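The values are calculated or read from the model by the stated rules, or taken from the named source; none is laboratory data. The structure displayed is predicted, hence computed values, not measured ones. Neighbour counts are summed over all protein chains in view; Cβ atoms, including those assigned to glycine, are modelled from backbone coordinates with ideal geometry. In case anyone asks, the SASA skips ligands and DNA or RNA and just uses the protein heavy atoms, side chains included. Shrake-Rupley method; radii C 1.70, N 1.55, O 1.52, S 1.80 Å.
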Amino acid sequence: MKLKDKTAVITGSSRGIGRAIAEVFASEGAQLVITGTSIKSAQKTASEIVAKYNCKAVAVALDVSKLGSCEALVKASLDNFSKIDILVNNAGITKDSLVFKIKESEWDEVIAVNLKGVFNCIKAVSKPMFRQRHGRILNITSVVGQIGNVGQINYSASKGGIIAITKTCAKEFASRNILVNAIAPGFIHTSMTDKFTEEQERVMASVIPLKRFGETFDVAKAALFLVCDDSSYITGHILSVNGGMYM
Ligand code: NAP
């Protein structure tokens, strides 16, 4: 088991990619802190994962855009498990619009959740991880943060910012044996992408070398690699999980 008795805090793990990461970590022996914006959705997912993998898990309601909420998440994790070995910053939202149409509130909200949310969680976890003198932080960015996308000025800016945060924290935390990496997924089947019609998906997939969207477990298996001992000499890396869409 690659994560036996490791404590993993995964933001936005009530569904989608975060849930798949939680499941893969549970299957490798981790104890989990599952979060959603409501305690109900987090609790439902946590109990399903506990039943399936016979692991320990607690559920916490979280709004990553609020530093106080992220500090409460870290406190709840330490109260339950005494340590945090792994933080996955996965929570994210989209509010797509063309630049000339986008509302200030749509810019602010996406930056607050996607970018400031990563800062908030890293800031909150940094003290306990520094004291432990070990830790893994994994940020979920996006191919859109690397190549941009029409209609996603807010989202692509937030995801580009996460790449910069990843590299800065990798440098700043290395002396404490805390490794900081990111995954940049391409298009992955979740509720975030189910707004596309079949025809839109077919056209989008046609320009991906592997000719298909990815699945949540494609990302989750890469996440496992970046938080387990197999990657102990890798930090500041942005791992593409995008079917070859951007190389
Ligand atoms: P998803 O299915 O929409 O799930 C989003 C998760 O984030 C949910 O658990 C949601 O909680 C949580 N969340 C939303 N707002 C939050 C907030 N303010 N504070 C805390 N948690 C919040 O999304 P996904 O597709 O799995 O995406 C996961 C991550 O991968 C995101 O960062 C996304 O940008 C990135 N990504 C996705 C794709 C893709 O194609 N799907 C591609 C590249 C990158 P509730 O369940 O309570 O709403």
Number of the condition not met by Ala91 [criteria: (1) within 14 Å of the ligand (Cβ to nearest atom); (2) touching a Lys or Arg at 6+ places or on another chain (Cβ under 9 Å); (3) not β-branched (Val, Ile, Thr)]
(2)
Filter the range 127-146 down to the residues that are surrounded by 14 or more Cβ atoms within 10 Å (Cβ to Cβ), without any contact (Cβ under 8 Å) to a residue 60 or more places away in the chain and in contact with a Lys or Arg (Cβ under 9 Å, 6 or more places away or on another chain) and list them by number.
Pro128, Met129, Phe130, Gln132, Gly135, Ser142, Val144, Gly145
Restricted to the range 161-209, and to residues that are open to solvent by less than 30 Å² (accessible area, probe 1.4 Å), near the ligand (Cβ under 10 Å from one of its atoms) and of a type in the set (A, V, I, L, M, F, W, C), which residue is farthest from His134 (Cα to Cα)?
Ile188
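Residues checked against (1) within 10 Å of the ligand (Cβ to nearest atom); (2) part of a helix (DSSP H, G or I); (3) farther than 23 Å from Tyr246 by Cα; (4) within 17 Å of the chain's Cα centre (by Cα):
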{"position": "Ser69", "(1), (2), (3), (4)": "yes, yes, yes, yes"}
{"position": "Phe119", "(1), (2), (3), (4)": "no, yes, yes, yes"}
{"position": "Val125", "(1), (2), (3), (4)": "no, yes, yes, yes"}
{"position": "Val150", "(1), (2), (3), (4)": "no, no, no, no"}
Selection from the range 48-67 of residues outside any strand (DSSP E or B) and either open to solvent by less than 30 Å² (accessible area, probe 1.4 Å) or within 18 Å of Thr7 (Cβ to Cβ) (or both) yields Ile49, Val50, Tyr53, Asn54, Cys55, Lys56, Leu62, Val64, Ser65
Candidates Phe187, Phe196, Phe213, Phe130 - the one that is among the aromatic types (Phe, Trp, Tyr) and within 30 Å of Lys75 (Cβ to Cβ)
Phe130
Kindly list, by first and then second residue, each pair from a residue in the range 225-247 that is under 29 Å from Ala205 (Cβ atoms) to a residue that is open to solvent by 20 Å² or more (accessible area, probe 1.4 Å) and part of a loop (DSSP other than H, G, I, E, B), limited to pairs with Cβ atoms under 6 Å and residues at least 6 apart or on different chains.
Gly243/Leu210; Gly244/Pro209; Gly244/Leu210
Mind listing just one residue for me: the one in the range 1-42 that is in a helix (DSSP H, G or I) and within 16 Å of Cys70 (Cα to Cα) and, of those, least open to solvent (accessible area, probe 1.4 Å)?
Ala42
Look at the range 35-55 and say how many of its residues are more than 9 Å from the ligand (Cβ to nearest atom) and closer than 20 Å to Leu138 by Cβ.
4
Taking Ile111, is it of a type in the set (A, V, I, L, M), open to solvent by less than 20 Å² (accessible area, probe 1.4 Å) and under 17 Å from Thr166 (Cβ atoms)?
no
Given the options Ile93, Ile102, name the one that is crowded, with 18+ Cβ neighbours inside 10 Å and hydrophobic (A, V, I, L, M, F, W, C).
Ile93
Which of the numbered conditions does Lys167 fail, given that it passes all the others? Conditions: (1) over 14 Å from the mean Cα position of the chain (by Cα); (2) of a type in the set (Lys, Arg); (3) not in a helix (DSSP H, G or I).
(3)
With criteria (1) over 19 Å from the mean Cα position of the chain (by Cα); (2) among the hydrophobic types (A, V, I, L, M, F, W, C); (3) within 12 Å of the ligand (Cβ to nearest atom), Met1 comes up short on (3)
